[in-house]
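> Pasting in a structure now, in structure tokens, and then I'll have a few things to ask.
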Amino acid sequence: MRAAACPIDRRSFASLLRSAPKDAVAFHVQGTPGVKVYVVHDTQSVKLPSSVSRWPLATGTEVLLAMDALSKDVGDEKVRISYFGEAGGVPVGRAMLYLTCVDVSLDADTNRSGAVSRTLLDKATWTWGPDGHGAILLVNCDRDDPKAETLDNRDPAVRSYAGTGASHTKKKIPFSYVFPPNFLPPTLSAGHRLVLHVDFSDADKVGVFYGGNSVALEEYKHVLGGSKLAYAIKPSRHQEESIFYVEGLAFPDVGFSGLVTFHVTLLESPEKGLLETPIFTDTVVFRVAPWIMTPNTAAPLEVFVCSVDDNEDFVAAVGAMAEKAKCPLTVCPLPENRQDRWIQDEVEFGYVQAPHKTFPVVFDSPRNRGLKDFPVKSILGPDFGYVARQAPEGASSLDSFGNLEVSPPVTVQGKEYPLGRILIGSSFPRFGGRRMAKAVKDFLIAQQVQAPVELFSDWLHVGHVDEFLSFVPAPDRKGFRLLLASPSACYQLLKEKQDEGFGEAAMFQGLEKVPKPTINEILANEALRKFNNYVQSCISWNRDILKRALGLAEPDILDIPQRLVGGRCCLGQRARALLEPLGLTCTFIDDYFSYHVLSGEVHCGTNVRRKPFAFKWWHMVP
């Protein structure tokens, strides 16, 4: 940001009528060399001197004054106005205006270039879209000191330069400059104060730091935010820039739109006992960057899995896939996960972004089971942020983040969602049942850029949307396919195999102590068929919601044969036939005993941090 009163090129209006003698009908105006004088008459502006020496003293006539250089002293530039009566000749009166030009302009990266600069844009407003403007502030939610027990934004000290501005990489005072080039003439400084201040409603959302002209970290001090609503800036006599730094303390949420307003005000000190008078205020508005999810179609950057007592083969298989994809693998060991293998349910990976900085942020769910300490102890760190929301009413299974997914970018009836739409499971269309915690849902809605869609998932035992849907990249159409679990497609496949003479083929060959029903037995099981018909009706309900909310047509959806009770049977060949034409490779991992019988699958037992969108969130219109 940056701060200015009577800034250069700001034109001031002088009323002529108030100072004119009673009999005056015309005037002449002349300024000293440092003043540009304009006369506005009949809605036209004329720069002086001009061929017209006198101007009618009409109600709509105004004088505009501008100065190109800062004053060296109070009143060092002047404008003289001479008033004339009907007879003309000798002036019937004169007025002298003494001018002082000072520089107090509050600036930030309002044009979103990654660097602070002065601008003619309206700094007091923030607009979306490719032609929008307004400064962006990142929440300082990482932890630069590995020994610290809190996030950086709860620590009043500056630990490193990685947060000290747009040209650096840290976050204690992250990512946003406050620049007041605050030059005031010495004689003006004695009776005036320059104050940087924040609205009371915004004070708990931001922190501002100042280190004077020092480069030593210990010299930086917290000057604004929290209980500190104003800070008096010491004016410079050499037109130097005093650099301040700003950090965000809170993400958008209920009661906080994400907009934060800063002001710099030049105050005049009147006689003793009277309040100071504001002469000029400049304002700049920041928007706190939202937390953004990444879809399954984005490139993987890091794979996560838990190591527990009975999943060595599973971890090895996931590791082999990660190595093949040239993607780092992070294994959460048993002492840290405490036999909690469901890492998909514990966290969701996303990121925050400003024009000068992007870094990942892990969203910690309110489930608080064995993995509850892992995100803070092992993921949070330098340039890796953390955010969490709790469920005061008590967390349900739907608060686990297997119930939190996001679609790839979509366009719905002309409305663009360039960052996709968040998908969460709930208990509608019926009343009652399980729902995602209000605090989590409100947080997701408040980010604005990935408008959430509620699906019906409470019919499932666990209740997560990832149990019946996923997305894969595709080279055509919308660039992806929605995969939906389909009991109907499974029955159709089994009937085909029965007609081909494979009715006595048994499932789960090679698995010990597991029932091995034949295709004939499965197709003859009416209770099982009735249950799967119910499951299919629930998925079909969601299919219609997804088609409307994501603007999908039937060719954008692939039905993956699946029975939600019993196992996988002969689905591999059909899965390959559906997915390999899209350029995808199918790898099958045995998770039957380590995950499937515990009501989860491969997706539930893994997690992936993915590459951020190339699209900049501030270019969209929510």
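Rule-based calculations on the coordinates, nothing more; no lab input. Keep in mind it's a predicted model, so treat the numbers as computed, not measured. For neighbour counting, all protein chains shown are included, and Cβ atoms are generated from backbone atoms with ideal geometry for every residue, glycine included.
> For the chain, with the dipole built from +1 on Lys and Arg beta-carbon atoms and -1 on Asp and Glu ones, taken about the Cα centre, which of V602, V195, G88 lies farthest toward the positive end?
Of the listed residues, the answer is G88.
> Cα axis of helix 526-550 to longest principal axis of the chain: angle in degrees, 0 to 90, nearest 10?
With rounding to tens, the tilt is 20 degrees.
> If you rank F200, F428, F401 by fewest surrounding Cβ atoms within 10 Å, what's the result?
In increasing order of surrounding Cβ atoms, one gets F200, F428, F401.
> Label 7 Å along Cα→Cβ of R54; the range 74-101 residues with amide nitrogen under 17 Å?
81-95
> Projected onto the charge dipole of the range 11-133 (+1 at Lys/Arg Cβ, -1 at Asp/Glu Cβ, origin at the Cα centre), which of V25, L48, L65 gives the Cα projection farthest towards the positive end?
Of V25, L48, L65, it is V25.
> Moving to a separate point now. If you compute P(r) over Cα pairs in 20 Å bins from 0, in percent for the structure shown, which of (1) 17, 36, 22, 15, 9, 1; (2) 16, 39, 24, 14, 6, 1, 0; (3) 16, 35, 32, 13, 4, 1, 0 do you land on?
(2)
> While we're looking at this one, here's another question. How large is log10 I(q)/I(0) at q = 0.14, 0.22 Å⁻¹ when the Debye formula is applied to the Cα atoms of the range 265-404, each weighted equally and without solvent?
For the range 265-404, the Cα-only Debye profile gives -0.75, -1.47.
> Here is a further query. Taking every eigenvalue of the Cα gyration tensor of the range 390-471, multiplying by 5 and rooting it, what semi-axes result, largest first, whole Å?
22, 15, 11
> Exposure proxy check: R434, R18 ranked by fewest other beta carbons within 10 Å?
Lowest count first: R18, R434.
> So for the chain: antiparallel DSSP bridges make up what percent, rounded to the nearest 5?
Percentage antiparallel, nearest 5: 80.
> Want the number for E312 to V621: 0.36 nm per residue separation, take away the alpha-carbon distance, what's left?
Between E312 and V621, full extension yields an extra 106.6 nm.
> Find how much the distance from K72 to E526 grows on full extension, using 0.36 nm per residue of separation minus their present alpha carbon separation; answer in nm with one decimal.
154.0 nm
> Same structure, new question: Give me a comma-separated list of calculated 3J(HN,Hα) values for the range 275-292, in order, Karplus coefficients 6.51, -1.76, 1.60 applied at θ = phi - 60°, integers in Hz, x for any Gly or Pro.
6, 5, 10, x, 9, 7, 10, 10, 10, 9, 10, 9, 10, 5, 5, x, 7, 10
> Using 7 Å Cα-to-Cβ label points, what is the T277/E336 separation (nm, one decimal)?
Rounded to a tenth, the inter-label distance reads 6.3 nm.
> Among bridges DSSP assigns within the range 410-559, what percent are antiparallel (round to 5)?
Roughly 55 percent of the beta bridges in the range 410-559 run antiparallel, per DSSP.
> With contacts defined as alpha carbon pairs under 8 Å and 6 or more residues apart, what's the relative contact order of the chain in percent?
On the way: 1427 pairs, mean separation 74.9, N = 622.
Computed over the chain, the figure is 12 percent.
> If I model a spin label at A230 and D442 as a point 7 Å from the Cα along the Cα→Cβ vector, what separation in nanometres do I get?
Distance between the two pseudo-spin positions: 3.2 nm.
> Suppose every K and R has +1 on its Cβ and every D and E has -1 on its Cβ; what is the size of the dipole of the chain about the Cα centre, in Debye to the nearest 20?
1220 debye
> Between N368 and Y38, what is the spin-label point distance in nm, taking each point 7 Å from the Cα along the Cα→C-beta axis?
6.2 nm
> Here is a follow-up. Ordered by packing density, taken as the mean number of other Cβ atoms within 10 Å over each peptide's residues, highest first, how do 74-85, 133-144 rank?
On the way: 74-85: 17.7, 133-144: 25.0.
Result, highest mean Cβ count within 10 Å first: 133-144, 74-85.
> Follow-up question, since we're still on this one. Once the mean 1/r over all distinct Cα pairs of the range 12-99 is inverted, what Kirkwood radius in angstroms do you read off? Please report the intermediate quantities before stating the final value.
Values: mean 1/r = 0.0745 Å⁻¹.
With all distinct Cα pairs of the range 12-99 included, I get 13.4 Å.
> Rg over Rh of the range 292-614, using C-alpha atoms and the Kirkwood radius, what does it come to?
0.95
> Which order do the peptides 23-30, 203-210 take when ranked by the mean count of other beta-carbon atoms within 10 Å per residue, highest first?
Values: 23-30: 17.9, 203-210: 21.9.
With the highest mean Cβ count within 10 Å placed first, the list reads 203-210, 23-30.
> Provide the gained length on full extension for the span F428 to K22, in nm with one decimal, where the gain is 0.36 nm per separating residue minus the Cα-Cα distance.
Roughly 138.4 nm would be gained on extension.
> Same structure again: Return, ordered by residue number, the residues of the range 589-622 whose backbone nitrogen is under 14 Å from a label point located 7 Å along Cα→Cβ of E416.
The answer is 614-622.
> Ordered by residue, what ³J(HN,Hα) values in Hz, to whole numbers, does the range 443-457 give under the Karplus form 6.51 cos²θ - 1.76 cosθ + 1.60, where θ = phi - 60° and Gly and Pro are x?
4, 5, 5, 5, 5, 6, 8, 9, 2, x, 10, 8, 10, 9, 10
> Toward the positive end of the charge dipole of the chain, about the Cα centre and with charges on Cβ (Lys, Arg +1; Asp, Glu -1), which of S307, T110, N368 goes farthest?
Checked the options; the winner is T110.
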